[in-house]
Amino acid sequence: MSEGVEPRLVDAPLAKPTVEDRAPREERARLSGYRKRFGLVYIVLALVTGIAVGALIVVALRTDSSAQQAVPRAAGFTPSEPGELGAMQIAELVQRNYRLPNGDELVTVIASRNTLQDGNLGYLRVRFHILRPGDGFQDKDSLLVQPNDAIQYSLCGVGPSCTIPGTASADRGLLVRRMGLELALRTLKFDPGVDNVSVFLRPMPAEGSDGVVLVYRRNILESLNPGLLSQPLERTLPGAGSIIQPGQMRADVARRVDQLTRSNLYYGVYQLIGGRDALLQLQPFPRG
């Protein structure tokens, strides 16, 4: 973010002070007036520079006790809007909590409706998913799914082709999967209108495909994991809402993340159909 020029407060010329002006009571009134004027300047600055500056001021003025309460608030976070706007709020929350060892954010998270850019600054609606099960070998083994109300997240590192800087590792790959799982669970828990969530884990290698995708369908997830979407997120992902880095997951949590993600991993390949529609072919990701 570029730095702007700091505004200067310029006063009009003051009249020559009198004896009364120099009186202690008048001096206190004058100083109080300056404090009010400076307060107004800070408010204007916060409005002009946007929510980010306002948030920084709030964070700087927080007491230790309020800072300690930040984690439970994030864990129980509820978006203020449904649909795509709510998904954007979830993406912002989750993105800032997953970090590399140097403190940088693990990836950037982009939330959108179930769409695909057409290369001309336009979008195609992804109307169908074709899922091939792990033991399927022919087209007849595939399942055609039509998401009615779907949300899509795309993860992108700052390296070439959305890769994550540094050396890839099993711990880092599992953390990316945990991030995708948290995005999906938060979305399905807090927006009952959403029936399908796809999370493109682009930092993971995916030669011959458009990416590695986590796909969750509400009815299937609830059928295989009764109570998962009704229980607090903290029970499924202890520490949700706090900062986490590769290698910091407990062994039992890592096993749970692996269980809830491995069977939902696919290689995704887009195909265009008709004039303005697309479908997403989902090939099973190696289970080994």
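The values are calculated or read from the model by the stated rules, or taken from the named source; none is laboratory data. Here the structure is a predicted model, which is why all the values come from computation and not from measurement. Ideal geometry is used to build each Cβ from the backbone, glycine not excepted, and the neighbour counts take in all protein chains shown.
Points worth noting:
- Cβ pairs under 6 Å, 6+ apart, first in segment 91-106 and β-branched (V, I, T), second not in a loop (DSSP other than H, G, I, E, B): V94/E182; V94/L183
- Residue in segment 131-151 that is modelled with the highest pLDDT, counting only those that are assigned to a loop (DSSP other than H, G, I, E, B) and within 30 Å of G86 (Cα to Cα): D149
- A residue that is part of a loop (DSSP other than H, G, I, E, B), assigned by TED's automatic domain parsing to the domain that holds M249, of a type outside the set (V, I, T) and touching a residue at least 24 places away in the same chain (Cβ under 8 Å) cannot be found anywhere in segment 172-184.
- Selection from segment 199-222 of residues that are modelled with pLDDT under 95 and among the hydroxyl-bearing types (S, T, Y): S209
- Options A251, A184; residue that is hydrophobic (A, V, I, L, M, F, W, C) and loosely packed, with under 14 Cβ neighbours inside 10 Å: A251
- Close contacts from segment 226-252, counting a first residue that is free of Cβ contacts under 8 Å to residues at least 60 places away in the same chain and a second that is among the acidic types (D, E), with Cβ to Cβ under 7 Å and a gap of 6+ residues or different chains, come to L228/E222; L229/E222; L237/E182.
- Note on segment 206-288: enclosed strands (runs of 3 or more DSSP E) holding 3 or more residues that are aromatic (F, W, Y) are 265-273.
- Residue check for T187: among the hydroxyl-bearing types (S, T, Y) and under 16 Å from the mean Cα position of the chain (by Cα): yes
- Within segment 153-169, the only residue that satisfies the criterion of being touching a Leu at 6+ places or on another chain (Cβ under 8 Å) and in a helix (DSSP H, G or I) is C162.
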